[in-house]
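The structure appears right after this line, and notes come after that.
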Amino acid sequence: MLKRRNGGGVAAKRAVGKARRHFRVRKNVRGTAERPRLVVTRSTRHITAQIIDDLKGHTLASASTLDASIRGTEGDKSALAGKVGALVAERAKTAGISKVVFDRGGNKYAGRIAALADAAREAGLEF
């Protein structure tokens, strides 16, 4: 398991906590062809969602705040995350995907992560 060395401060403690959560989640979450994995990656400025078939290692659909259709829009980061969730659900439907397994990537299920998940559910993805 990950351990924090002496010192390092608050940032190191948060990074270790996120890594532990990520390992704990990934231990049980696997994507298949029937139910691929919806992976959420969050940075301080942007959020990305990918639908991945883990058996083949292929990305089936993706959306991000860096996409041209979302990049110029106004709103706070949670609102933009909701738009990313709706867009990835729309792209998943065109790829023939209706059910996914949600992988929050070690992030807490709150704020932008929850906004993305709720918007994807409202747009028709099941998880």
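Annotations
- When ILE51 is tested against (1) more than 10 Å from the chain's Cα centre (by Cα); (2) more than 30 Å from LYS13 (Cβ to Cβ), exactly one condition is not met: (1).
- Any hit, region 111-127, residues being free of Cβ contacts under 8 Å to residues at least 40 places away in the same chain and assigned to a strand (DSSP E or B): yes
- Hits in region 103-114 - residues which are at pLDDT 95 or above and crowded, with 20+ Cβ neighbours inside 10 Å: ARG112, ILE113
So that you can scan it fast, the table gives a plain yes or no per residue for (1) surrounded by fewer than 14 Cβ atoms within 10 Å (Cβ to Cβ); (2) touching a Cys at 6+ places or on another chain (Cβ under 6 Å); (3) among the small types (Gly, Ala, Ser); (4) part of a strand (DSSP E or B):
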| position | (1), (2), (3), (4) |
| --- | --- |
| LEU66 | yes, no, no, no |
| ILE70 | no, no, no, no |
| GLY75 | yes, no, yes, no |
| GLY96 | yes, no, yes, no |
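- Cβ-Cβ contacts under 8 Å between residues 6 or more apart (or on different chains), taken from a first residue in region 55-73 that is without any contact (Cβ under 8 Å) to a residue 12 or more places away in the chain to a second residue that is part of a strand (DSSP E or B) and polar (S, T, N, Q), are listed as THR59/GLN50.
- Filtered by the rule that a residue be touching a residue at least 24 places away in the same chain (Cβ under 8 Å) and either in a strand (DSSP E or B) or under 13 Å from the mean Cα position of the chain (by Cα) (or both), region 30-48 gives PRO36, ARG37, LEU38, VAL39, VAL40, THR41, ARG42, ILE47, THR48.
- Region 46-64 - residue that is of a type in the set (Gly, Ala, Ser) and buried (at least 20 other Cβ atoms within 10 Å of the Cβ) and, of those, nearest to PHE127 (Cα to Cα): ALA49
- When region 87-114 is limited to residues that are β-branched (Val, Ile, Thr) and over 14 Å from SER62 (Cα atoms), the one that is farthest from the chain's Cα centre (by Cα) turns out to be VAL101.
The values are calculated or read from the model by the stated rules, or taken from the named source; none is laboratory data. All values derive from a computational prediction rather than experimental measurement. Reconstructed Cβ throughout: ideal geometry from the backbone, glycine too, with neighbour counts over all protein chains shown.
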